Amino acid sequence: MNTATRTSTAQRLGRALGRGWRAYARGERRASNWLISKGVPLAGATALLWGGKLAVLGLLLYVTFWLALLLVFLVLVARGYDTVDWKTPEPEWRDGHSGYGLYTDDDYRID
């Protein structure tokens with residue numbers, strides 16, 4: 001009888017994310033301690049770290065915006081989006097300013 005439990009993919013992923021988060025927190029704590037050891041006040045070190053986080057977030061949002069814009073452009077090109085109607089409309093028979101006749105799309109009678 002085998003009673004060994006297998007670790008699921010979700011558990012492995014969760015543990016990997018947890019290790020990554022702990023490594024990030026450890027690095028942030030080290031950077032804060034280094035700044036404090038160089039004479040920066042605790043509030044200043046905290047503000048610098050938050051400024052760095054906000055700068056990285058701003059950079060990520062900037063890159064994401066341009067990638068989303070590029071994706072929208074590529075989708076429009078792939079779908080054949082075209083703002084210009086290249087073919088001219090055919091003249092049609094209808095009532096116009098000069099009575100019933102063959103008119104172009106800009107209301108000129110041509111018959």
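Nothing in this text is a laboratory measurement; each read-out follows from the coordinates by a stated rule. This is a predicted model, so every value here is computed, not measured. Quick reminder, even Gly has a Cβ in these numbers, built from the backbone with ideal geometry, and neighbours come from all protein chains shown.
Here are the numbers for this structure:
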| item | result |
| --- | --- |
| Principal axis box of region 26-111, alpha-carbon based, largest edge first, Å | 92, 26, 13 |
| Amide H within-cut-off set for G96, under 5 Å, with H built and near neighbours excluded | G101 |
| Gap separating the Cα centres of region 17-38 and region 55-78, nearest whole Å | 30 Å |
| With Cα atoms, 0 to 90° folded angle of helix 9-37 axis to the chain main axis | 70 degrees |
| Nitroxide proxy distance, nm - points 7 Å out along Cα→Cβ at S32 and H97 | 7.8 nm |
| Nearest 10 degrees, 0 to 90: helix 42-79 Cα axis against the chain principal axis | 30 degrees |
| Structure-based [θ]222 nm, the chain - -39500 (n - 2.57) summed over DSSP H runs of at least 4, per residue, nearest 500 | -22000 deg cm²/dmol |
